[in-house]
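Accompanying notes for the structure given below.
The values are calculated or read from the model by the stated rules, or taken from the named source; none is laboratory data. If you're wondering where the values come from, they're calculated on a predicted model, not measured in any experiment. Cβ sites come from the backbone with ideal geometry, for glycine too, and all protein chains shown count toward neighbours. Side chains included, ligands, DNA and RNA excluded: accessible areas come from the protein's heavy atoms. Shrake-Rupley method; radii C 1.70, N 1.55, O 1.52, S 1.80 Å.
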Amino acid sequence: MNGPSHVFKIPGRPGSSGARSGRASLRGKVVLITGGAGGIGAATAERLAAAGALVSLVDRDQQALGQVVSRLGGNHLATAADVTDYTSLELAVQRTVEHFSQLDIVFACAGVGSASTVSASRTEDLLRIVDVNLGGVIRTVKATLEEVSKHGGYFLLMSSAAALKNVPRANAYAASKAGVEAFGGALRLEVAHKGVNVGVAHPAWVRTNMISGASTRAGESRSLPWPFSIVSSTDTCADLLVNAMATRRRKVFIPRSLALMDPLRWLSTGPLWDSFMKPRAALSVSRLESHACVTGE
C-alpha cells in the first residue's frame, strides 16, 4: 500500500560499542530496510543507527515504523510501503533519495513464515508466501537497483537456513528462500562490473514473533540435528547482519556454524536426511493435518 513518510529528528545518543569497534565504514551510509517495523529488521536498524548509518525503514505498518524510528535517535526516515506493491516501493525509494540524496545499501528483510503442509494449506496462502518472500525481494531490488548502482553499493537479501535443508511444513517458505539465494547469485554476477556487491543471509532459528507466535513450530528446532537446532537471539542476528553490510560479505550464516552446511547440502537434502526426517515428519504432519480437519482450518 502507499502511505506517507515521516522524518524523525531526535537528538542523537552515544554510539554503541559495536559502532566504536569496527563499523566506521557504515558511518554516513544510507541503508534502506524492508520489513523494518519489528524483529530482525528493527534490531538491525538500531545497530546501523548506532554505527552512524542513516536508516530508511520501509514496512506496511506505519505506526510500528514510527515507534522504531523514534528509538533510533538522529535523522532517519520511515515510509509505509508494501513489498508486494511495486509502486509503493518506488515511492519509498524516491523519498529516501530526496531526503538523504543517495542510497548505498539495501537490506531486503521483509518476509512471512509458514508452518503447515501443502495438504492443509490454501493455494492462495502458499502463493502469497512466495510472492512476499521472493517476489518482494525481486521488487525491492528492481526499485533500488539504479540508485545503489550509482554509488557502487551493496544488497543484502534475506534467505534462510530453510534453503539448505528439507523439512516438512516449510514447503513454500523454503522454496521462496531458495529462490532468493538463486536470485542473489545471478544478481551478483550481473552487477559486479558496476562495483556493486550482493550478499545473501541464511538465518536459522531466531527469536522473533514469526517463531514464537507460531504454536505449531514450538520445539521444532529441537527435533533437528546441530547446527540447524541452534536458536539465535535477535541481537546476535542483527550484529552479524550489520557486520556483513560493513564488510560487504557474499554470504552470512546465523549462527556462524551453519556455514559448515553450505557445502554439505547433499547431506541435508539427500536420502540419508530423508531417512532421518521421515519418522519425525510422519508424526508432526499427522498431528497438524488431524488438527486442521477438526478445526476446519
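Scanning region 92-111 for residues that are within 22 Å of Glu46 (Cβ to Cβ) and either assigned to a loop (DSSP other than H, G, I, E, B) or not aliphatic (A, V, I, L, M) (or both) yields Arg95, Thr96, His99, Phe100, Gln102, Leu103, Asp104, Phe107, Cys109, Ala110, Gly111.
The residue list Val137, Val167 contains one member that is at pLDDT 95 or above and either in a loop (DSSP other than H, G, I, E, B) or buried (at least 20 other Cβ atoms within 10 Å of the Cβ) (or both), which is Val137. Identify, by number, the condition in (1) modelled with pLDDT under 95; (2) part of a strand (DSSP E or B) that Ala162 doesn't meet. Just one mismatch for Ala162, condition (2). Kindly evaluate Val130 against the criterion of being open to solvent by 20 Å² or more (accessible area, probe 1.4 Å) and farther than 30 Å from Ser275 by Cβ. Spelling it out, it is not the case that Val130 is open to solvent by 20 Å² or more (accessible area, probe 1.4 Å) and farther than 30 Å from Ser275 by Cβ. Kindly indicate whether Arg60 is within 22 Å of the chain's Cα centre (by Cα), modelled with pLDDT of 50 or more and closer than 23 Å to Tyr86 by Cβ. Spelling it out, Arg60 is indeed within 22 Å of the chain's Cα centre (by Cα), modelled with pLDDT of 50 or more and closer than 23 Å to Tyr86 by Cβ. Residues satisfying the criterion are absent from region 104-117 (criterion: open to solvent by 40 Å² or more (accessible area, probe 1.4 Å) and over 21 Å from the mean Cα position of the chain (by Cα)). The residues in region 175-190 that are open to solvent by less than 20 Å² (accessible area, probe 1.4 Å) and either among the hydroxyl-bearing types (Ser, Thr, Tyr) or over 26 Å from Val148 (Cβ atoms) (or both) can be counted, and the count is 1. For region 66-90, the candidate set comprises residues that are touching a strand residue (DSSP E or B) at 6+ places or on another chain (Cβ under 8 Å) and surrounded by fewer than 18 Cβ atoms within 10 Å (Cβ to Cβ); within that set, the residue that is farthest from Gly52 (Cα to Cα) is Gly66. Residues that are open to solvent by less than 30 Å² (accessible area, probe 1.4 Å), in contact with a Phe, Trp or Tyr (Cβ under 7 Å, 6 or more places away or on another chain) and at pLDDT below 95 within region 191-231 comprise Ala204, Ser221, listed in sequence order.
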